[in-house]
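Quick notes on the structure that follows.
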Amino acid sequence: MKFRGRDVISIRDFSKEEILHILDVAEKMMPIAKGEKKSSLLNGYIMASLFFEPSTRTRLSFEAAMKRLGGGVIGFSQPGTTSMQKGESLADTIRTAESYCDVIVMRHPQEGSARMAAKFADVPIINGGDGAGHHPTQCLLDLFTIKMEKGKIEGNVVALLGDLKYGRTVHSLAYAL
């Protein structure tokens, strides 16, 4: 399966086989995620963490993962400190950031912003949440948790609670299930 250079915008962009493969690889990488094992897999690579709205878990999990895999992190969590404050467009911000990194992880309050960013970027865009649209990485984590807790994904009864209309995590998970 080819993932190198690929954007992660929506869970809908992945086949069932690809999702299951990602979950299998994630399970094998658990010792690295827990800090029990070191990795230099991404040594020399830089991730730009561009968070246009507040986040704790998503932003920190991406940054920790990149560092645990040997890579570096640049970026911002307060867009008011960027040139967007002076009128720079999202497209210009993406073009600027990509000149300093190998991958961009982005959270933005506007639905569809991640897919739009992918049109302007030559580096992969990973959607860390776009408005009420998508949150494919949280969806993968939710699927991974179900698999680890229940031993499989299919055949389980899953209740989705919360903001079902505007909840990007629920939209992604409902589709994947």
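A single member of Ser49, Ser10, Ser77 is touching a Lys or Arg at 6+ places or on another chain (Cβ under 8 Å), modelled with pLDDT under 95 and of a type in the set (Ser, Thr, Tyr), and it is Ser77. Just the residues that are in contact with a Gly (Cβ under 7 Å, 6 or more places away or on another chain) and polar (S, T, N, Q), please, taken from region 8-54. Scanning region 8-54 gives Ser39, Ser40, Asn43, Ser49.
Is it true that Leu42 is surrounded by 18 or more Cβ atoms within 10 Å (Cβ to Cβ), more than 19 Å from Gln138 (Cα to Cα) and touching a residue at least 12 places away in the same chain (Cβ under 8 Å)? Yes, satisfied. Only helices (runs of 4 or more DSSP H) whose full extent lies in region 82-177 are considered here, and the ones with at least 1 residues that are at pLDDT 95 or above, open to solvent by less than 50 Å² (accessible area, probe 1.4 Å) and within 27 Å of Ala33 (Cα to Cα) are 90-98, 113-120, 136-150.
Scanning region 1-52 for residues that are more than 18 Å from Ile146 (Cα to Cα), in a helix (DSSP H, G or I) and over 17 Å from the mean Cα position of the chain (by Cα) gives Pro31, Ile32.
When region 53-81 is examined, which residues are found to be under 18 Å from Pro109 (Cα atoms), surrounded by fewer than 18 Cβ atoms within 10 Å (Cβ to Cβ) and of a type in the set (Lys, Arg)? Selection gives Arg57 alone.
The values are calculated or read from the model by the stated rules, or taken from the named source; none is laboratory data. Values in this document were obtained by computation on a predicted structure and should not be read as measured data. Note that each Cβ is placed from the backbone with ideal geometry, even for glycine, and that neighbours are counted across all protein chains shown. All accessible areas refer to the heavy atoms of the entire protein, side chains included, with ligands and DNA or RNA removed. Shrake-Rupley method; radii C 1.70, N 1.55, O 1.52, S 1.80 Å.
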